[in-house]
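Please treat every number below as a calculation from the coordinates, not as lab data. As the structure is a prediction and not an experimental result, all values here were calculated from the model. Methodologically, a virtual Cβ is constructed for each residue, glycine included, from the backbone with ideal geometry; neighbour enumeration extends over all protein chains shown.
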Amino acid sequence: MNALFEVQKKLVPDLVDKMYRRFQILSAIELHQPIGRRALSETVHLSERILRTETDILKTQGLITITSKGMSVTESGEDVLYKMKASMDSLTRLEHVAHAIESRFAIQKVIVVSGDADIDDEVKLRMGQATSEYLESCFEDGTKVTVTGGSTMAYIARSMRPTDKSINFIPARGGLGEEVSFQANAIAHLMADQTGGTFEVLYVPDQVSEAGYNALLEEQSVRRVLQHIQQADIVLHGIGSAQKMAERRHSTPQVMEKLMDGNAVAEAFGYYFDEEGNIVYRVRTIGIHLDDLTEDKRIIAVAGGNSKKEAIASYLKVAPKHTVLITDSVVGNWLMNQ
């Protein structure tokens, strides 16, 4: 049922909100029937004007009756309440989990979709859709979005829709030696294709030596893209497992040992963190860094799956307070109880 709600929200963005509002009104009438409009208004915290519109719809659908004594739920209304209760409780539960995480880690916003991204690609799709929907609400003409790579970012890119706003997508880092379609350059390209926007490319390795780093900075094309990364309005990134990210970077045995000795569990922007969010190791990368996540940018972190729960918890301890996290319920429930 939650999967159906996710699809409905995509097709008709305000449908689930209206459904939930009417469910609350119907539940309140059932609990206090017969109840007058003014008393009901105070109970559900809606204006009498809005409530009149909603109760007229419920009456037309045969779910309530309205008499001089007040409003009461019909047999048909009771049946609707019974059938919808489990689904509405589930939606409310996800909202509760999201708010609990916001409070626990003191971050701006959390969006939770149901499931475990490790075992169900449909969950990755829902995370992608939720992220795409949130991104669209942030777009203005001329918005610059810098994005990292990875399979999660690819799901987001495929979920994006055309927009009449002029959006520029910029890779947030160089290549990691991973599958080409998951590299930041490819993700930025796909997002531009999906939305009708523009994109830039950063044809450099993800990590380089100090000499190589300084040499690349002499390249005008590289400097231009790095400047645009700094100017980005939105930073869209994933959160990685330390060991997996180190393997993707083909890290040396010495680096792997350092990460193991430091109990590294998370990686983001070339930084490796332990469970408490302390920096264990930093890779010299070309692209965006933690220091670039300034308050004037929207920071959106997207990650899910049971295998990443410790990594996500670790990163959230150092994440900017204006971070928006989009994750799944297996991670959400675990984070809430930390």
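Charge tally around Val330: other residues with Cβ under 9 Å, Lys/Arg +1 each, Asp/Glu -1 each, net -2.
The magnitude of the dipole of region 106-336, with charges of +1 and -1 set on the Cβ of Lys/Arg and Asp/Glu and taken from the Cα centre, is near 180 debye.
Work out how much length Lys321 to Glu122 would gain on full extension: take 0.36 nm times their residue separation and subtract the Cα-Cα distance, in nm to one decimal.
68.7 nm
Extension gain for the segment Tyr203 to Lys258, taken as residue separation times 0.36 nm less the Cα-Cα distance, is 16.9 nm to one decimal.
What shape does region 267-311 have by the C-alpha gyration tensor, where a ≥ b ≥ c are the square roots of the eigenvalues, rounded means a/c under 1.5, and otherwise prolate means a/b greater than b/c and oblate the rest? Oblate.
Among the GluC sites (Glu not before Pro) found in region 104-204, those both in a DSSP coil and sparsely packed, with 10 or fewer other Cβ atoms within 10 Å of their Cβ, are Glu140.
Taking the mean number of other Cβ atoms within 10 Å as a proxy for protection, how do you rank 288-295, 215-222, 182-189 from highest to lowest?
182-189, 288-295, 215-222
The calculated FRET efficiency for the pair Gln230 and Val44, based on their C-beta separation and a Förster distance of 56 Å, comes to about 0.75. When DSSP beta bridges are restricted to pairs lying wholly in the chain, around 40% turn out antiparallel. Over the C-alpha atoms of the chain, the Rg to Rh ratio, Rh being the Kirkwood estimate, stands at 1.08.
If r is the Cβ-Cβ distance from Asn214 to Asp291 and R0 is 22 Å, what FRET efficiency results, to the nearest 0.05? FRET efficiency, Asn214 to Asp291: 0.75. GNM on the chain, C-alpha springs below 10 Å: top fluctuator among Ala28, Ala154, Ala106? Highest fluctuation of the listed residues: Ala28. Using C-alpha pairs under 8 Å with a sequence gap of at least 6, the mean separation divided by the residue count of region 106-336 gives a relative contact order of 26 percent. Just checking the listed ones, Met127, Met245, Met19: in the Gaussian network model of the chain with Cα springs under 10 Å, the one fluctuating most is Met19.
Springs between Cα atoms under 10 Å define the GNM used for the chain, and in it the highest mean-square fluctuation of Ile25, Ile279, Ile312 occurs at Ile25. When each of the peptides 264-271, 223-230 is scored by the mean number of other C-beta atoms lying within 10 Å of its residues, the order from highest to lowest reads 264-271, 223-230.
The angle between the Cα long axis of helix 75-105 and the main principal axis of the chain comes to about 30°, on a 0 to 90 degree scale.
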